[in-house]
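Just below is one structure, and these are the notes that go with it.
The values are calculated or read from the model by the stated rules, or taken from the named source; none is laboratory data. A quick note: this is a predicted structure, and the numbers were derived from the prediction, not measured. Cβ coordinates were reconstructed from backbone atoms using ideal geometry, including for glycine residues, and neighbour counts include every protein chain displayed.
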Amino acid sequence: MTPSAPKLPSPPRLLDVVRQEIRLRHYSERTEEAYFGWIRRYVVYHGKRHPRDLGETEVRQFLSSLATRGVSASTQNQALSAILFLYEVVLGRRVEWMDGIVRAQLPVRLPVVLSREEVSSLLVRLRGPVWLMASLMYGAGLLLFECVELRVKDVHVDRGEVTIRDGKGGKDRVTMLPLSLKPPLVEHLRLVKAQHDADRLAGRGSVALPNALREKYPRASCEWPWRWVFPATRLQDDVASGFGISRCAPWISTLIDLPQPSR
């Protein structure tokens, strides 16, 4: 019998190549998910036709559909950036019509700043970890995702500092820790440490690690310094780390669903 020819590996799917190219450039996870999502929507919008068969007309149609739906200018520009990444990087196509697509003009807005009385009125309605998170965001100037992803090793109570890793723009920075928050933060960390020790005794307590640190330091995911400062109250299967049941960062809705001040 004539031996059958070995099967050639099937070419990688387009969206898999998108993820590969994004990770090769060390974009943040938030950028990866945003670009991946917009490229997928772009393909689905045009009946799942391959982007190599689409061009300027289809890109403009997609962006116009977003504008018709009333998305913000920044959201529309993010979608355009994702599509340009698809054509220039993933497909290797740099064509003249790309320079002719105009980005949406961002409106100039004055920032809404709460007065001290309004901030006090808000904080007095909160309790427990939610109060501490809101106070830390206000007092130390943290963004929501920066507070949610804060780890124990990056809180330096003795020095009065908080180190932000991979913040906005993928940058690290150091900010101050307000004196008034030191005692409640120390007490909060004491309770989190007790929870961590109990989880470890039960064979749990691992956390997700950034980038390739999980392979470089396989035991770090179970160590106290890498613990979330504000871990979730529920246990769930940590697929990313492969260590089974653990506590991920708290849900974003914890801070989004804050009680509204009475008018």
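For Val174, are the conditions met, namely being in contact (Cβ under 8 Å) with a residue 12 or more places away in the chain and exposed (fewer than 15 other Cβ atoms within 10 Å of the Cβ)? Taking the combined requirement at face value, the residue satisfies it.
Would you check which residues across the stretch 38-63 are within 15 Å of Val90 (Cβ to Cβ) and free of Cβ contacts under 8 Å to residues at least 40 places away in the same chain and list them? Before the answer, list the steps.
Taking the stretch 38-63 first, the residues within 15 Å of Val90 (Cβ to Cβ) are 38-40, 42-43, 50-54, 59.
Within the stretch 38-63, Arg40, Val43, His50, Asp53, Leu54 meet the criteria.
The set of residues from the stretch 80-128 being hydroxyl-bearing (Ser, Thr, Tyr) and in contact with a helix residue (DSSP H, G or I) (Cβ under 8 Å, 6 or more places away or on another chain) comprises Ser81, Tyr87.
Residues that are without any contact (Cβ under 8 Å) to a residue 12 or more places away in the chain and either touching a Ser or Thr at 6+ places or on another chain (Cβ under 6 Å) or of a type in the set (Asp, Glu) (or both) within the stretch 108-153 comprise just one, Glu117. When the residues of the stretch 143-167 are filtered to those that are farther than 20 Å from Pro183 by Cβ and in a helix (DSSP H, G or I), the one that is farthest from the chain's Cα centre (by Cα) is Lys153.
The selection criterion, being out of contact with any strand residue (DSSP E or B) (no Cβ under 6 Å at 6 or more places or on another chain), within 22 Å of Arg127 (Cα to Cα) and at pLDDT 85 or above, holds for Leu181.
Does the stretch 33-49 include one or more residues that are more than 26 Å from the chain's Cα centre (by Cα), outside any loop (DSSP other than H, G, I, E, B) and more than 21 Å from Gly169 (Cβ to Cβ)? Looking through the stretch 33-49, none of the residues is more than 26 Å from the chain's Cα centre (by Cα), outside any loop (DSSP other than H, G, I, E, B) and more than 21 Å from Gly169 (Cβ to Cβ). Restricting Arg109, Arg125 to residues that are in a loop (DSSP other than H, G, I, E, B), closer than 30 Å to Ser64 by Cβ and among the basic types (Lys, Arg) narrows the list to Arg109.
Within the stretch 199-207, can one find any residue that is touching a Gly at 6+ places or on another chain (Cβ under 9 Å), under 22 Å from Ala134 (Cα atoms) and part of a loop (DSSP other than H, G, I, E, B)?
Of all residues in the stretch 199-207, those touching a Gly at 6+ places or on another chain (Cβ under 9 Å) come to 199, 203-204, 206.
Those still in the list that are under 22 Å from Ala134 (Cα atoms) too: none.
The answer is no; no qualifying residue exists.
Against the list (1) loosely packed, with under 15 Cβ neighbours inside 10 Å; (2) within 19 Å of Val152 (Cβ to Cβ); (3) modelled with pLDDT under 75, the condition Leu235 fails is (1).
Checking the conditions here, which among Val113, Val89 is of a type in the set (Val, Ile, Thr) and either closer than 30 Å to Val59 by Cα or in contact with a strand residue (DSSP E or B) (Cβ under 6 Å, 6 or more places away or on another chain) (or both)? Quick ask: steps written out before the conclusion?
On the way: Val113 fails: either closer than 30 Å to Val59 by Cα or in contact with a strand residue (DSSP E or B) (Cβ under 6 Å, 6 or more places away or on another chain) (or both).
Result of the check over Val113, Val89: Val89.
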